[in-house]
Amino acid sequence: MIARWDRYGYAVAAPNALSLVRIALVPLVVLALLLDFSGHLWVAAGLFVIASLTDVLDGRIARKSGNITVFGTFIDSLADKLLISCTLIALVEMNHVWGWVAMVVVAREFAVTGLRLVAAQNEVISASRSGKIKMVLQVIAVLALILNTQYQALNDVLVILMVIATVVSGIEYFVNGRRHLADSISR
C-alpha cells in the first residue's frame, strides 16, 4: 500500500509527496532563472513561491495528522535546502547575489542536514524557531533577488538578515546538537 489514511482523512504519505514535489520544482526554478525568455523571472518567482508554499502545507498536514517521522523530517529538510541552495547558486550565476552569500547558506544547510542525519539514529530533530525564521527570511530574500527589484538597498538588507539568521540558527542547531554528536562519536 502506497499510503494509508489517518483519522483526519489525510494520506500519511501526503507530506512526503509535497516535499518530493518541492524537490521536483527545483530544476524548473533554476531553468526558469537561467533561460533567457520573456518573463522568465516571473515564471521562476511563481515556481519558487509554489515550492515554498508546499513547505508550509506539508508541515501543517504532518503536524495535524500526528505523522512526524524521521524520514518525513529528513525529506522536508532536504527539499528546503535544495530549493534555497540551488536557487541561490543560479542567482550567483546571474550576478544577483554575491557568491560568498550562497557559500555561507549552502554550507550551513548541509552541515545541519548532516547533524540531523546523525541524530536520526535516535530521534527526530524538528525545526527550531530560529530555523523557521531563517527559512522565512531566506524565502523573502531569495524572492526579492529573483525579481531583482529596483530597490537594491532593500535587497541588500534582506540578504544580510538572511545571512545572519542562517548563521545564528546553524550555531543554535550545533549547540543544541552536541549530545547527538557526542553519542555518535562514542559508538
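Assorted remarks:
- Note on the stretch 175-187: among residues that are surrounded by 15 or more Cβ atoms within 10 Å (Cβ to Cβ) and assigned to a helix (DSSP H, G or I), the one that is modelled with the highest pLDDT is 180.
Quick grid of which residues meet (1) closer than 24 Å to residue 86 by Cα; (2) at pLDDT below 90; (3) part of a loop (DSSP other than H, G, I, E, B); (4) polar (S, T, N, Q):
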| position | (1), (2), (3), (4) |
| --- | --- |
| 1 | no, yes, yes, no |
| 8 | no, yes, yes, no |
| 17 | yes, yes, no, no |
| 20 | yes, no, no, no |
| 31 | yes, no, no, no |
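- A Cβ distance below 9 Å, combined with a sequence gap of six or more or placement on separate chains, defines the contacts here; from the stretch 80-108, residues that are free of Cβ contacts under 8 Å to residues at least 12 places away in the same chain reach residues that are of a type in the set (Gly, Ala, Ser) in the pairs 92/99; 92/102; 107/170.
- Summed over the stretch 56-71, the residues that are surrounded by 18 or more Cβ atoms within 10 Å (Cβ to Cβ) and not hydroxyl-bearing (Ser, Thr, Tyr) give a count of 5.
- Looking only at residues in the stretch 126-137 that are part of a helix (DSSP H, G or I) and small (Gly, Ala, Ser), the one that is nearest to residue 112 (Cα to Cα) is 131.
- Filtering 140, 84, 164, 146 for residues that are at pLDDT 95 or above, assigned to a helix (DSSP H, G or I), out of contact with any strand residue (DSSP E or B) (no Cβ under 6 Å at 6 or more places or on another chain) and loosely packed, with under 14 Cβ neighbours inside 10 Å leaves a single hit, 164.
- Put simply, of 58, 80, 36 the only residue that is among the acidic types (Asp, Glu) and either at positive phi or in contact with a Pro (Cβ under 6 Å, 6 or more places away or on another chain) (or both) is 58.
- There is at least one residue in the stretch 107-116 that is within 12 Å of the chain's Cα centre (by Cα), among the hydrophobic types (A, V, I, L, M, F, W, C), modelled with pLDDT under 95 and within 23 Å of residue 51 (Cα to Cα).
The values are calculated or read from the model by the stated rules, or taken from the named source; none is laboratory data. None of the values given here were measured: they were computed from a predicted structure. Glycine also receives a Cβ, built like all others from the backbone with ideal geometry; neighbour counts cover every protein chain displayed.
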